[in-house]
Number of protein chains: 2
Amino acid sequence: MKDFKVTPWEVSGEVDYEKLIKEFGTSKIDAKLKKRLESACGGELHPMLRRDFFFSHRDLNLILNDYEKGNGFFLYTGRKPSKGMHIGHLVPLVLTKWLQDKFKTNLYIEITDDEGFLHKKEYAWKDVQQAAHENILDIMAVGFDPQKTFIFKDSEYIRNAYPLLMKAARKITNSTVKAVFGFTDSTNIGLSLYPAYQTLPTFFEKKRCLIPCAIDQDPYWRIQRDIAEGLGYHKTAAVHCKFIPPLQGVQGKMSSSAGPETAIYLTDDENTVKKKINKYAFSGGRATVEEHRKLGGNPDIDVPYQWLSILFEPDDEKLKTINRDYRAGKILTGELKGMLIEKVNEFLVEHRKRKEKMEKEMELFMYKGKLAKSMWEKSYE
Amino acid sequence: MKDFKVTPWEVSGEVDYEKLIKEFGTSKIDAKLKKRLESACGGELHPMLRRDFFFSHRDLNLILNDYEKGNGFFLYTGRKPSKGMHIGHLVPLVLTKWLQDKFKTNLYIEITDDEGFLHKKEYAWKDVQQAAHENILDIMAVGFDPQKTFIFKDSEYIRNAYPLLMKAARKITNSTVKAVFGFTDSTNIGLSLYPAYQTLPTFFEKKRCLIPCAIDQDPYWRIQRDIAEGLGYHKTAAVHCKFIPPLQGVQGKMSSSAGPETAIYLTDDENTVKKKINKYAFSGGRATVEEHRKLGGNPDIDVPYQWLSILFEPDDEKLKTINRDYRAGKILTGELKGMLIEKVNEFLVEHRKRKEKMEKEMELFMYKGKLAKSMWEKSYE
């Protein structure tokens, strides 16, 4: 058994996801629950659910109970602004969009510009605001419903949310955020508070909240689950995904801090994508063409195959064929990389096309859409 | 030498103020500085300065330099809302009013409703808001200039101040607030942040800030002095007063937490004042009238005399006569208490009369006066 580590601030090693479910005390999204979800949404599940990329949950069964009873639920996700968003950042957003489409729910997207500023001593306030602006455009380009989605920056919505923030903050001790976020006495006092802000969207409605996120984020929501009922709200539910591997291999997770060559950024042009994948993507193929033809490749450790499976090849039949042919040595490493390059570039070209149209939609998502407008009229005293 | 303790959260024993100046590293307001202050304000000093009740300072000399150069300065004070304000709470406000009158300065008064809420688990948000409303009326009744004074609640001004709050918070560690505020890991994360908010008014202008406060509050401002220059502002100046003694004796300070019989509240009616002073005020008089006539009383440990000296007998000559006659046994304990009762009731009746008229002034101080209006138009990004 190899060693691995999963905390909200570090993911390393080859993760044993079954073991993680036990460690974290979450539940597996099993066949029965998938069946229930399928009949609730009235159609095929999203590939990330079909293929168990979203593999773990808390209280998804209660979400489905509520939905079946007609009480509904709502979605929440968020983002700390950063200069470049990569493909890994889109993963939970893609499932979130699918859930919104299928269940017609409200969605809250928190942009933690305060957290971004507090995290980096060298950032100016306006740097973070610029990054937030870019990130919001990328998020909107995923295709959410502008009347049912409220995207807000912490620094702006604070005018409404402050009393609620104080109510949550009063229930969370420094011991807790030290344990959960890895804070120490050297951490600045701004960072100490923001875990409270991060829980707030789960209290925006009296319904149950569902958070799609990577499994390493689960500890954050345990804080919410500790305080929610004392504040008169539901414990939040969550669905957890695995990590999209960095180009270099199926260990750890795609991350900006690991260097630009480990990730594909949403701004990478076609040539950059081609070069990065050809040069850096870890292959499960053999050392020579001859050997590969004879012995076949291993898709389980092949990053291009994994990426196709997670995000870029929605067709199960096609994916199965690729898997079979790669194992059989019929598809060469270079060919598999070629397939991924084409898919990624197609995806990014489309994404950037949508993003270009988003500048004029921003007002709807942030201030003027049906949900956004009602949120600015809300008070929490 | 008796033991004493002065921290922002505990004052006990008989305080040696000379020693405290050395311990805290502040400076004495000496005869030379008082002379300078006198000529700057163009008249007699306030009794609390003349009589060395305000006895210590930081950078008051720099304030005077700035004033003499025509650069000016501004004033800042604040209050955590509480259900009852007592006479001790008014002391720094009275000097603040005098300073504003003499130097025609802007004044910022921070009402830390967030802190009040975070401090008491049993408070509802609206309880704190009610207390804040009452406290603001009492503060306004001290008689500040409504065009040059901005009174704000943290929970309201947060909409403007948040970026500035984050800038200050990023520079303050948990270690610092643990040391200065006595916080521990069991402290809630809201309280951990508020020391940053408390520094903000010192950054409202590029001029130098002067804070009139009791000496136990000095450690709070050391945090400001650590971070101010890194943010492009001046280290704040301060003038520190001694503690107004509780009725029971000249040890410690008047405090609501010590029980209602130790303090005179601004809402105490004439009969309550009379009863409290007659029953509880510690006297420096003798056990019997005969003994007192023969040996005389000791005004140095006599609470009624101390209160007259601090707040209720502005006339130096009269005070001197009282002192002399009390020492000589000409004034009896009951007579001295009688003088104080009269003065206190006069003061409170006047105060409450002014307070009644304040409801309609509130909008000026908080939103519409010249300074208030400009503060709501300000942004700190």
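The values are calculated or read from the model by the stated rules, or taken from the named source; none is laboratory data. Just so it is clear, the structure is predicted and the values come from calculations on it, not from any experiment. All Cβ positions, glycine included, derive from the backbone under ideal geometry; neighbour counts span all protein chains shown.
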For this session: Go through segment B:205-219 and give me each residue that's surrounded by fewer than 21 Cβ atoms within 10 Å (Cβ to Cβ) and over 14 Å from the mean Cα position of the chain (by Cα).
Result: B:E205, B:K206, B:K207, B:P219
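Mind checking which residues of segment B:231-240 are touching a helix residue (DSSP H, G or I) at 6+ places or on another chain (Cβ under 7 Å) and surrounded by fewer than 22 Cβ atoms within 10 Å (Cβ to Cβ)?
Initial filter on segment B:231-240 (touching a helix residue (DSSP H, G or I) at 6+ places or on another chain (Cβ under 7 Å)): B:231, B:233, B:235-240.
Passing the criteria: B:L231, B:Y233, B:K235.
Which helices (runs of 4 or more DSSP H) sit wholly inside segment A:16-69 and have at least 3 residues that are assigned by TED's automatic domain parsing to the domain that holds A:C241 and without any contact (Cβ under 8 Å) to a residue 60 or more places away in the chain?
On the way: elements: A:17-24, A:31-41, A:47-50, A:60-68.
Correct list: A:17-24, A:31-41, A:60-68.
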For this session: Give the number of residues within segment B:145-156 that are surrounded by 19 or more Cβ atoms within 10 Å (Cβ to Cβ) and facing chain A (nearest Cβ under 9 Å).
Result: 2
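Which of the residues spanning segment A:261-304 are in contact with a His (Cβ under 8 Å, 6 or more places away or on another chain) and either in a loop (DSSP other than H, G, I, E, B) or without any contact (Cβ under 8 Å) to a residue 12 or more places away in the chain (or both)?
We begin by selecting, within segment A:261-304, every residue in contact with a His (Cβ under 8 Å, 6 or more places away or on another chain); these are A:263-266, A:285-286.
Correct list: A:A263, A:I264, A:L266, A:G285, A:R286.
Please state which one of A:K104, A:K121, A:K126 is out of contact with any helix residue (DSSP H, G or I) (no Cβ under 8 Å at 6 or more places or on another chain) and farther than 28 Å from A:G259 by Cβ.
Working: A:K121 fails: farther than 28 Å from A:G259 by Cβ; A:K126 fails: farther than 28 Å from A:G259 by Cβ.
On inspection, the qualifying residue turns out to be A:K104.
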Problem set entry | Among residues of segment A:174-196, those that are among the aromatic types (F, W, Y) and buried (at least 23 other Cβ atoms within 10 Å of the Cβ), counted | 1
For this session: Considering only residues that are more than 26 Å from the chain's Cα centre (by Cα) and either of a type in the set (S, T, N, Q) or surrounded by 15 or more Cβ atoms within 10 Å (Cβ to Cβ) (or both), look in segment B:285-315 and name the one that is farthest from B:G329 (Cα to Cα).
Result: B:T288
Exercise. In segment B:256-280, how many residues are crowded, with 17+ Cβ neighbours inside 10 Å and closer than 19 Å to B:V91 by Cα?
Worked result: 8
Exercise. What's the number of the condition B:A228 fails, among (1) under 24 Å from B:H89 (Cα atoms); (2) of a type in the set (A, V, I, L, M, F, W, C); (3) surrounded by fewer than 22 Cβ atoms within 10 Å (Cβ to Cβ); (4) modelled with pLDDT of 95 or more?
Worked result: (1)
Seminar exercise, completed: Only one of (1) under 18 Å from B:V250 (Cα atoms); (2) out of contact with any helix residue (DSSP H, G or I) (no Cβ under 8 Å at 6 or more places or on another chain) does not apply to B:K357, and that is (1)
Exercise. Which pairs do you get when a residue that is within 11 Å of chain A (Cβ to nearest Cβ), found in segment B:121-144, comes within reach of a residue that is assigned to a helix (DSSP H, G or I) and of a type in the set (F, W, Y), reach meaning Cβ atoms under 8 angstrom, with the pair 6+ apart or on two chains?
Worked result: B:Y123/B:F117; B:W125/B:F117; B:V128/B:F117
Problem set entry | Residue in segment A:333-381 that is nearest to the other protein chains (Cβ to nearest Cβ), counting only those that are of a type in the set (S, T, N, Q) and touching a residue at least 60 places away in the same chain (Cβ under 8 Å) | A:S379
Exercise. Which residues, counting only those in segment B:157-204, are in contact with a helix residue (DSSP H, G or I) (Cβ under 8 Å, 6 or more places away or on another chain), more than 7 Å from every other protein chain (Cβ to nearest Cβ) and without any contact (Cβ under 8 Å) to a residue 12 or more places away in the chain?
Worked result: B:F183, B:T184
For this session: Inspect segment A:118-135 for any residue being in the same structural domain as A:I223 (by TED's automatic domain parsing), out of contact with any strand residue (DSSP E or B) (no Cβ under 7 Å at 6 or more places or on another chain) and buried (at least 24 other Cβ atoms within 10 Å of the Cβ) and give the result as yes or no.
Result: yes
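Tally up the residues in segment B:19-65 that are among the acidic types (D, E) and within 23 Å of B:L93 (Cβ to Cβ), please. Give the steps one after another, and end with the answer.
Step one: of segment B:19-65, the residues among the acidic types (D, E) are B:23, B:30, B:38, B:44, B:52, B:59.
Right, trim to within 23 Å of B:L93 (Cβ to Cβ) and you get B:38, B:44, B:52, B:59.
Residues meeting the conditions: 4.
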Problem set entry | Close pairs (7 angstrom Cβ cut-off, 6 or more residues apart or separate chains): farther than 20 Å from A:D3 by Cβ in segment A:227-254, modelled with pLDDT under 95 and of a type in the set (K, R) anywhere | A:I244/A:K253
